[in-house]
Structure formats: structure tokens, C-alpha cells
Amino acid sequence: MSAPREPRQERSRATRRRLLEAAVACIAELGLSGTTVAVIAQRAGVSRGAAQHHFRTREDLVTAAVEHMGEVQVAELRRRAEGLPPGESRIQPVVDMLLDLYTGPMFRAALHLWVVASTDDALRAALVPLEAQVGREAHRTALELLGVNESHRGVRELVQSTLDLARGLGLASLLTDDTRRRRKIARRWARVLGRELPNPGGGPRVLTNVQ
């Protein structure tokens, strides 16, 4: 049996988590230009020195925040997946879940970063591989949620189209509440998937963490 973690280690993990959560919230509300280490530290309730002990620069903190956003989103999908019905009846709730992935503060924070990265070579170099990693995990998780096998022809494109649709509808919701239209589109797209996906819900439905 492994020895229990020292309280100091737990405090360090908790501080790091608060800093990452604060970074996401600050970027979503203030944009990257208004997000400094000092602002993040204040929101997290820690000293600037403590923040820089965990993350030497703002860029280190922002990069870690992107990875954190992806992990939190996938963890939330896994949590909600536990209550999904079997078979084809799971398609509608899965589509709703995937569309919800691209709404809220985390998506808003990511969008701020994408805009800056489009003209900032250093930030783009850091974000591109992380976004690719997050995208792969989202795609894999969508396959498992829908219970389909990517080896079947057309499945990969249908799943990726679902994620692309979710991202586009998320953009449409940034300035105004687009919930009503999004739900109508979600219902229509769920019917398309019900017709086109081979044996939806028939694949493995227990999601496991990627190590």
C-alpha cells in the first residue's frame, strides 16, 4: 500500500488547480491582454510569488490552462455519460452534450486565445499541439458516447461533423442567447445521425481515462 500524500502536496495541488481555474475565468472575462499573473493570482486567492512558483511565466500558466480546460470538459462528459440510455435513444442526449461543450466560459476563454494566437507566433506554437490533443480526445470521447466504431465507413466524418457543428453553434451564441435555435438544430442533427450511424449505441459505453 502506498503512503498517503503529505498535506503539503495536497495544498500544492489545490493551489495549482485554483490558479488554472482562475486563469480560465480571467481569460474568458478579460481577454488575454487583461490577464496577467498578478490578476490570476488575486482571483485564485494566492500571492504572485506562489503563482510563479507553480508557473514561471504567464505563457506557462496559459498553456497549462488550455490543457486543464480540455481535461475538465472531457471529465464532465464522462460524468454525464453515466446516465445515458442504451441504443439509439442515446443519440439525442449525446448531441446535446457535445453541443454544450462549446458554450460557456471555457469556450469563451479558448476563443480569446485562438484570436490572439492567429497573429502571435509564440502562442500559436504552444496552442496548436495542445488543441490537436484536445480535439483528438473530444473525437474519441464522442465515438464512445455514441457507441460507434470508427472502422465503419463514414463514421469518422459524421462524428467530426458533429464537433464542427457544435463549435460553429458555439460561436453563434457568443453575442446573443442562441439556445432555442441550437436545440432545434441539435434535434435535426440527431435524426441524421440516427439514420446514418451503423448500430449506434452498440459499441462500448464505459469511458476510460487515457493515460
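At-a-glance table
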{"item": "Any hit, region 60-70, residues being more than 30 Å from Arg140 (Cα to Cα), without any contact (Cβ under 8 Å) to a residue 24 or more places away in the chain and of a type in the set (D, E, K, R)", "result": "no"}
{"item": "Odd one out for Thr35 among (1) outside any loop (DSSP other than H, G, I, E, B); (2) within 24 Å of Gln133 (Cβ to Cβ); (3) over 14 Å from the mean Cα position of the chain (by Cα); (4) not hydrophobic (A, V, I, L, M, F, W, C)", "result": "(1)"}
{"item": "Sole residue being closer than 20 Å to Glu29 by Cα, of a type in the set (S, T, N, Q), modelled with pLDDT under 90 and not in a helix (DSSP H, G or I), chosen from Thr208, Thr103", "result": "Thr103"}
{"item": "Unmet criterion (only one of (1) part of a helix (DSSP H, G or I); (2) surrounded by 14 or more Cβ atoms within 10 Å (Cβ to Cβ)) for Arg79", "result": "(2)"}
{"item": "Selection within region 144-178 - closer than 16 Å to Val192 by Cα, in contact with a helix residue (DSSP H, G or I) (Cβ under 7 Å, 6 or more places away or on another chain) and not in a loop (DSSP other than H, G, I, E, B)", "result": "Leu146, Leu158, Val159, Gln160, Thr162, Leu163, Leu165, Ala166"}
{"item": "Test: residue in region 92-102 that is over 15 Å from the mean Cα position of the chain (by Cα), surrounded by 14 or more Cβ atoms within 10 Å (Cβ to Cβ) and without any contact (Cβ under 8 Å) to a residue 40 or more places away in the chain", "result": "yes"}
{"item": "Sole residue being surrounded by fewer than 19 Cβ atoms within 10 Å (Cβ to Cβ) and either without any contact (Cβ under 8 Å) to a residue 60 or more places away in the chain or assigned to a helix (DSSP H, G or I) (or both), chosen from Ala50, Ala41", "result": "Ala50"}
{"item": "Given (1) surrounded by fewer than 20 Cβ atoms within 10 Å (Cβ to Cβ); (2) in a loop (DSSP other than H, G, I, E, B), index of the condition Arg181 fails", "result": "(2)"}
{"item": "All positions within region 124-143 that are out of contact with any helix residue (DSSP H, G or I) (no Cβ under 8 Å at 6 or more places or on another chain) and within 16 Å of Gln73 (Cα to Cα)", "result": "Ala132, Arg136, Arg140"}
{"item": "Criterion: of a type in the set (Gly, Ala, Ser), in contact with a Lys or Arg (Cβ under 6 Å, 6 or more places away or on another chain) and at pLDDT 90 or above - qualifying residue of Ala25, Ala38, Ala14, Ala51", "result": "Ala38"}
{"item": "Region 112-125 - residue that is closer than 17 Å to Ser33 by Cβ and hydrophobic (A, V, I, L, M, F, W, C) and, of those, surrounded by the fewest Cβ atoms within 10 Å (Cβ to Cβ)", "result": "Ala122"}
{"item": "Residue within region 137-160 that is without any contact (Cβ under 8 Å) to a residue 24 or more places away in the chain, more than 16 Å from Glu71 (Cβ to Cβ) and of a type in the set (A, V, I, L, M, F, W, C) present", "result": "yes"}
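Conditions (1) modelled with pLDDT under 90; (2) of a type in the set (Ser, Thr, Tyr), marked per residue:
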site: Ala126; (1), (2): yes, no
site: Gln133; (1), (2): yes, no
site: Glu137; (1), (2): yes, no
site: Thr141; (1), (2): yes, yes
site: Ser151; (1), (2): yes, yes
site: Val159; (1), (2): no, no
site: Asp164; (1), (2): no, no
site: Arg167; (1), (2): no, no
site: Leu171; (1), (2): yes, no
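The values are calculated or read from the model by the stated rules, or taken from the named source; none is laboratory data. Because the structure is a prediction, the values reported are computed rather than measured. Cβ sites come from the backbone with ideal geometry, for glycine too, and all protein chains shown count toward neighbours.
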